[in-house]
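The values are calculated or read from the model by the stated rules, or taken from the named source; none is laboratory data. Computed from a predicted structure; not experimentally measured. Counting neighbours? That spans all protein chains shown, and the Cβs are built from the backbone with ideal geometry, glycine included.
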């Protein structure tokens, strides 16, 4: 099979997806659907993610992405949990287990309401948001929230399971 030739814009798209922490398989699917070109996962990893030629471009996109993320109002508890879950997966996929465990600890604090005054603000914001919803919209919000809580519950169980099997978390928890 011949090597696919991506246009400069398509190459930048690959770099941007990498900067936004997309997995190579997801990028491959995106390239296939969007441009009708086949790109091997190995090509994405070797020729883009690990390439020193594309590193400055990826770093620039990532800088902008992180800047945009910091502008998002992270005082919404669900948004914070989504972000923490994303970073947990990011570190876990890269076998950076210490960082992943620290993120799991943050998730647990968020779930258990140890995040301080932010929980109070979250309640106020949600009350204001929910006062304007119809009954049907409230039902939909309830379903979404219940699904998120299930994810968080599973994450919490994973934290406790990891701590039990690997003896992780106890020493670090005492130090902080």
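Observations on the model:
- Failed item in (1) part of a helix (DSSP H, G or I); (2) surrounded by 12 or more Cβ atoms within 10 Å (Cβ to Cβ); (3) at pLDDT below 80, with residue 64 passing the rest: (3)
- Of all the listed residues (12, 39, 6), the sole one being within 17 Å of residue 64 (Cβ to Cβ), surrounded by 13 or more Cβ atoms within 10 Å (Cβ to Cβ) and at pLDDT 90 or above is 12.
- Odd one out for residue 158 among (1) surrounded by 13 or more Cβ atoms within 10 Å (Cβ to Cβ); (2) at pLDDT 80 or above; (3) under 22 Å from residue 23 (Cβ atoms): (2)
- Taking the criterion of being touching a residue at least 24 places away in the same chain (Cβ under 8 Å) and part of a helix (DSSP H, G or I), the residues of region 12-33 that qualify are 12, 14, 15, 16, 18, 19, 24, 31.
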